[in-house]
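These notes concern the structure reproduced below.
The values are calculated or read from the model by the stated rules, or taken from the named source; none is laboratory data. Keep in mind it's a predicted model, so treat the numbers as computed, not measured. Cβ atoms come from the backbone with ideal geometry, glycine included; neighbour counts cover every protein chain shown.
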Amino acid sequence: MFKYKLIIEYDGTGYRGWQAQQNAKSIQGTVFGAAVKALGPVTDFQGSGRTDAGVHALGQAAHLVTERPWEAESLRDRLNDVLPSNINVLSAEKVSHRFHARHHAVARSYIYVLSRSRTAFGKRFVWWVRDPLDLGAMEASLNLFKGFHDFASFCDRRLEKGRSTLVDLTEAEMRTAAGLVFFRFAGSHFLWKMVRRMVGVIVEAGRGTLKGEDIERFMTARSDEPAKYTAPPSGLFLHQVLYEGEALTPFSLSPGFLFSSLSGVRS
C-alpha cells in the first residue's frame, strides 16, 4: 500500500459538506470516486476534519492510500483530470504509512469573508451584511475571543456531546479591503459551528445589538443565544491545516488572495 498527503481546495456550494454520506453529494465522496476512476483501487481516503454543507476550503488536507505506487505529480494531475471544476488538488506528496491527516494535525485556521455591498458574482463566497457596521466595535469584540476559553456557547452541543469545549484560539484577526471584511481564526482545533457563531456575534456587535460584556457572559456561562446569530456557511473557508514543524502563513490580503473568486464584490 502507498500513502499520499493531498492539499485540496474546493467550492463547497451545492455539496452536503466534506464527509461522505448516502444519497448526498459530498466532497469526500466525490474525490474518492475520482481517485478510484483515475488510480484504481483506493483503500483509504480521509480528511483532516469535516466542513459543513456550503463551506469552502483553500487548503483542506487529506491522506489517500492506493494499491500501486504513483509519482506524486502524476497522481495529482490524474485526479484533477477527472474531478469537477469546483474541486482542485493543489499538491500531492508521498508520506509514511503512519501519517494520518486528522490525528497528526496540530493546528488549523479558518477565514470568514463578509461583504458590505451587494454582489452577483461573489455571493456564494461571502455573507452580504446590508446594515451599517461599526468596524471598531467588531474588532474590539473579536479580540475578546483570543486565548484559552470555554466555547460551549458557540458550538452545536448536539454534535459535540462528550467532548471538551475548551479551545485555545491562538489568533483572531480582522482585515478590510475592497468593501470586504476578512476574519481569520487559528487554533489547535475548532468546534462545530464555532467560527460561524463567533462571526455572527461579532457582526451583532457591529450592528450595536451586542456589547463586549455580552460576549464575556457567553464565555463564562453557557448560553444558547449565539446560535441565533450563526453566520451563513457561504463566507467560511478552511484556510490551512498545520502539521509538526509547519507554520501558519501570514495573514496578508495580497492581490490574488480570494479575489479571483470574489471579483464581483465592489467597494
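Once region 115-147 is narrowed to residues that are farther than 24 Å from GLU216 by Cβ and polar (S, T, N, Q), the residue that is nearest to the chain's Cα centre (by Cα) is SER115. Here VAL195 passes the criteria (1) modelled with pLDDT of 95 or more; (2) under 21 Å from LEU238 (Cα atoms); (3) in a loop (DSSP other than H, G, I, E, B) except the one numbered (3). With respect to the conditions (1) within 25 Å of LEU58 (Cβ to Cβ); (2) at pLDDT below 90; (3) surrounded by fewer than 20 Cβ atoms within 10 Å (Cβ to Cβ), LYS146 falls short on a single one, namely (2). Scanning region 208-230 for residues that are assigned to a loop (DSSP other than H, G, I, E, B) and surrounded by fewer than 21 Cβ atoms within 10 Å (Cβ to Cβ) gives GLY208, THR209, LYS211, ALA221, ARG222, SER223, ASP224, THR230.
Let's see how each residue does on (1) more than 29 Å from ALA61 (Cβ to Cβ); (2) surrounded by 20 or more Cβ atoms within 10 Å (Cβ to Cβ):
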residue	(1), (2)
LEU169	no, no
GLU173	no, no
GLY187	no, yes
ARG197	no, yes
GLY206	yes, yes
PRO232	no, no
LEU238	no, yes
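Scanning region 12-32 for residues that are without any contact (Cβ under 8 Å) to a residue 60 or more places away in the chain and closer than 23 Å to PHE99 by Cβ yields TRP18, GLN19, ALA20, SER26, GLN28, GLY29, THR30, VAL31, PHE32.
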